[in-house]
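Each remark here refers to the structure printed beneath this line.
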Amino acid sequence: MKLNLKWVTKNPVAARLRGFSFLLLISFSLLWILSCQGPQGVSRYKHPEEKSQTSGEEPHSTRFDPVKPGEVRPDSSAGQQSRFQHPLPADRDPLLEFVSDWKGTPYRYGGMSRSGTDCSGFMKNLFSAVYGITLPRTSREQFTAGREISRENLKKGDLVFFKLRRNRPVSHVGVYLGNNQFAHASLQIGVTIDDLDLPYYKKSWAGARRVLN
């Protein structure tokens with residue numbers, strides 16, 4: 001069977017068929033292009049990281065929240081926020097830095113390390129590291145160091161003592177930080193910061209000693 005080319009090129013029906021086929025081709029092409037575009041003409045192709053970004057995650061990022069100078073963070077194990085609000089000065093304060101570094105260390109009777117410390121062990125480490133002073137080991141012995149200071153004349157670095165047991169004149173020790181705050185190793189919380197005016201410590205106040213010149 002031979003195709004009559006003259007009929008295809010000149011016949012009006014064939015011409016309409018050619019036009020219709022051309023329109024179909026254009027329509028399908030437009031539909032395919034639109035299927036690859038978003039509502040604003042933006043490509044729907046997603047970068048491999050886009051999935052995590054839209055889900056609220058941060059791709060290729062490390063969440064690092066450094067401790068700012070002078071910041072003393074709340075003890076998460078205690079579930080309460082510290083009332084200590086003193087920022088470190090520009091030249092940095094070794095005492096406050098040491099307390100901040102040790103804050104949250106758990107209490108352990110007889111301990112003197114970051115894995116656990118008691119109140120007098122904490123003071124012995126603190127005074128050795130910050131001031132280069134060797135204190136006696138126990139709170140009773142530390143109560144004999146230096147000279148006696150009244151509560152009204154307290155200065156930063158003074159030792160503060162408490163009588164928490166009836167059969168002992170002194171059974172707990174901490175270090176004064178200023179603004180009525182002191183750092184100590186609490187039996188329940190570990191190394192923390194408290195206010196001298198708290199009823200518990202106000203009632204059990206035993207005295208203060210100054211070992212710094």
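At a glance:
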read-out: Given (1) in contact with a Lys or Arg (Cβ under 8 Å, 6 or more places away or on another chain); (2) crowded, with 16+ Cβ neighbours inside 10 Å, index of the condition Phe162 fails; value: (1)
read-out: Helices (runs of 4 or more DSSP H) wholly inside the range 81-171 containing at least 2 residues that are farther than 18 Å from Val211 by Cα and at pLDDT 95 or above; value: 94-102
read-out: Candidates Lys202, Lys156 - the one that is among the charged types (D, E, K, R), more than 29 Å from the chain's Cα centre (by Cα) and over 19 Å from Arg114 (Cα atoms); value: Lys202
read-out: Residue match in the range 193-200 (condition: out of contact with any Pro (no Cβ under 9 Å at 6 or more places or on another chain), touching a residue at least 24 places away in the same chain (Cβ under 8 Å) and hydroxyl-bearing (Ser, Thr, Tyr)); value: no
read-out: Pair list, Cβ < 6 Å and 6+ apart or interchain, from the range 148-174 residues that are free of Cβ contacts under 8 Å to residues at least 12 places away in the same chain and under 16 Å from Ser120 (Cβ atoms) to residues that are surrounded by 19 or more Cβ atoms within 10 Å (Cβ to Cβ) and of a type in the set (S, T, N, Q); value: Arg165/Ser171
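The values are calculated or read from the model by the stated rules, or taken from the named source; none is laboratory data. Note that the coordinates shown come from a computational prediction; the quantities given were computed from them, not determined experimentally. Counting neighbours? That spans all protein chains shown, and the Cβs are built from the backbone with ideal geometry, glycine included.
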